[in-house]
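Note sheet for the following structure.
Nothing in this text is a laboratory measurement; each read-out follows from the coordinates by a stated rule. Keep in mind it's a predicted model, so treat the numbers as computed, not measured. Cβ atoms come from the backbone with ideal geometry, glycine included; neighbour counts cover every protein chain shown.
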Amino acid sequence: MTWSGECKYTWAMVSQVSTHYRLRGRNILLGITAGVAAYKAAELARLLVKVGAQVQAVMTPSASEFIGPMTLQAVTGRPVRQALFDSQHEAAMGHIELARWADLVLIAPATADFLARLAAGMADDLLATLCLASEAPLAVAPAMNEKMWRHPATQANMATLAARGVMLWGPAEGEQACGDTGPGRMLEPAELLQRAVSAMGGGRFAGRRAVITAGPTREPLDPVRFLGNRSSGRMGYAIAGSLAREGAEVTLVSGPVALECPPGVERISVETAMEMHTAALTAAKSADLFVACAAVADYRPRGAADHKIKKGAETLQVDLVKNPDILRDVAALPDRPFCVGFAAETERLREHASGKLRDKGADMIAANPVGEGLGFESDDNALLVIWKEGSLELPRQRKGRLAEQLVSVIAERMDAQATA
Ligand code: C5P
């Protein structure tokens with residue numbers, strides 16, 4: 001596409017693509033029941049995975065007459081769950097845990113029999129039990145013969161489910177596998193994907209791009225040694241995961257840490273402050289939000305030795321030069337994102353945080369007290385969040401929960417700034 005030439009994308013297409021980020025990192029429990037349309041569940045699972053969702057397929061016992069569990073396992077990358085009393089899978093993630101795990105339960109296809117069991121509140125197989133045990137939004141994509149669909153019993157069941165808040169997606173009208181024509185065809189996978197995107201539309205960062213730096217940096221002294229620090233990266237990773245769940249397209253520029261990349265997040269691994277600077281500035285140019293969570297080394301050795309430094313002399317002088325300040329440089333970009341910095345302090349938290357807000361040109365500083373079991377290597381943290389017009393204290397808690405709260409505050413401030 002060129003700006004002067006013919007533009008192949010319409011605005012509707014662009015906005016549709018960007019809303020797909022709402023499913024990034026979201027957990028979707030895909031229920032498959034015994035209908036001919038079950039073969040389309042593989043394509044639906046593929047589309048969901050493609051947009052960054054985590055998909056767990058759960059089949060009713062007879063669904064495997066229509067589609068092989070291996071196909072769904074290959075597409076989703078997870079073993080398919082089928083039996084309620086399956087000790088092997090229950091040990092890994094019990095059915096109640098699985099019900100809690102889901103952000104959305106989508107039954108596609110949903111047969112007349114399954115809808116009846118759902119309406120009656122049965123728990124006679126794993127999928128029906130999960131529907132009963134889960135508090136996640138539940139959507140059904142009915143698929144059946146048109147006479148079965150029109151039957152008063154099915155219609156009464158649908159009315160019951162609708163009254164309970166179950167989302168009814170379809171069915172479509174058209175030719176059916178049995179040769180009849182009428183309502184009862186399952187909606188196409190692409191249409192179901194779109195419905196799932198809309199259903200998960202609560203993401204406050206849908207369509208927004210975020211860049212986060214996390215972890216420590218390593219500044220080489222020689223080929224085997226470096227100057228580093230104790231940052232675990234946990235806070236930055238939790239923020240990245242939380243933003244992805246809120247629909248953001250997230251780039252995580254990470255120093256060396258022992259953490260898995262959160263689902264739906266793109267990770268760029270770096271070692272030194274200079275590498276982090278280059279990667280973060282490049283990514284931040286097109287971002288809406290920049291969160292500097294990394295513990296960047298303030299100084300690096302002036303030129304690492306080519307060979308291992310030998311011990312000999314009683315003292316050793318290492319010449320250090322200052323690293324660029326990534327946060328300050330991103331905040332100085334012409335079309336800069338909303339910039340959030342961190343400040344780990346052992347004393348006078350508010351004073352130091354206000355100083356950093358000013359000096360670095362950031363929009364927000366999240367300051368955390370270090371010591372007393374809080375900070376770098378701890379699972380817990382507490383934050384004093386300050387911005388120009390106000391501040392908020394987030395009390396001590398798990399870093400994951402804290403990250404969610406911080407992301408909420410960031411969303412509010414970004415919206416306030418946009419409407420100011
Ligand atoms: O100046 P100080 O290191 O205390 O500031 C901490 C904040 O600045 C953090 O958000 C950190 O990620 C960021 N920072 C940076 N580049 C540096 C040093 C710190 O982005 N070189």
Applied in sequence order to segment 290-301, the curve 6.51 cos²θ - 1.76 cosθ + 1.60 (Karplus, θ = phi - 60°) yields integer Hz couplings, x standing for Gly and Pro, of 10, 10, 8, 10, 6, 8, 7, 5, 5, 10, 10, x
Multiplying the sequence separation of R164 and D415 by 0.36 nm and subtracting their Cα-Cα distance, what value in nm do you get?
87.0 nm
Q317/R398 FRET efficiency (R0 51 Å; Cβ-Cβ; nearest 0.05)
0.75
Proxy exposure order for L243, L384 (fewest C-beta within 10 Å first) is L384, L243
Which value, in debye to the nearest 20, gives the size of the charge dipole of segment 375-420 about its Cα centre, when Lys and Arg are +1 and Asp and Glu are -1 at the Cβ?
0 debye
Only helical DSSP H runs with n ≥ 4 go in: add -39500 (n - 2.57) per run for the chain, normalise by residue count and round the 222 nm mean residue ellipticity to 500 deg cm²/dmol.
-10500 deg cm²/dmol
If you fit an axis through the alpha-carbon atoms of helix 152-163 and take the longest principal axis of the Cα set of the chain, what angle between them do you get, 0 to 90°, nearest 10?
20 degrees
Cut-off of 10 Å, at most 11 other beta carbons, DSSP loop: longest stretch of the chain lacking such trypsin sites (Lys or Arg not before Pro):
9-163
Per the Kirkwood treatment, what hydrodynamic radius in Å, one decimal, follows for segment 20-201 from the mean inverse distance over all distinct Cα pairs?
16.1 Å
Alpha-carbon centroid distance for the pair segment 117-165 / segment 27-53, whole angstrom
18 Å
Specify the angular offset, from 0 to 90 degrees and rounded to the nearest 10, of the alpha carbon long axis of helix 234-245 from the longest principal axis of the alpha carbons in the chain.
40 degrees
Dipole of the chain, positive end: most advanced residue of V80, W101, Y299 [Cβ charges, Cα centre]
Y299
In this structure, the FRET efficiency calculated for K50 and W101 from their beta-carbon separation, with R0 = 22 Å, to the nearest 0.05, is 0.60
Using only the C-alpha atoms of segment 256-298, find the volume of their convex hull and express it per residue in Å³.
90 Å³
In sequence order, what are the phi-derived ³J(HN,Hα) couplings for segment 27-33 according to the Karplus relation 6.51 cos²θ - 1.76 cosθ + 1.60 with θ = phi - 60°, rounded to whole Hz, with x for glycine and proline?
9, 10, 8, 9, x, 10, 10
Evaluate Rg over Rh across the chain, taking Cα atoms for both radii and Kirkwood's formula for Rh.
1.07
